[in-house]
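Coordinate-derived values only; no laboratory data. These numbers come from a predicted model, not from an experiment. A quick note on method: Cβ atoms are made from the backbone with ideal geometry, for glycine too, and the neighbour counts reach across all protein chains shown.
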Amino acid sequence: MKKIRITQVKSAIDRSERQKLTLKALGLRKLHSSRETEATPQILGMVRKVNHLVKVEELM
């Protein structure tokens, strides 16, 4: 599987509770926090739901 780095670039303030919980499930707690993870279909689905709040980079 490919690895990706997910970085939160926008605040979760004034977002729906579902989006806040999705960020929490991805392991993102604060602005500019990052997490490296496998690019599974479940993770990619969560990223798609909050793509306006995060930046995704592929790792080699």
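A compact table of results
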item	result
Unit charges at the beta carbon, dipole of region 3-59: most positive-side option, Met46, Ile6, Leu21	Leu21
Angle in degrees between helix 17-26 and the longest Cα principal axis of the chain, rounded to the nearest 10	30 degrees
Distance between modelled label sites at Ser34 and Met60, nm, 7 Å Cα→Cβ extension	1.6 nm
Size descriptor, Kirkwood hydrodynamic radius, that averages inverse alpha-carbon separations across region 3-59, Å	11.1 Å
Exposed trypsin sites (Lys or Arg not before Pro) absent - longest run of the chain, DSSP non-H/G/I/E/B, at most 16 other C-beta within 10 Å	31-60
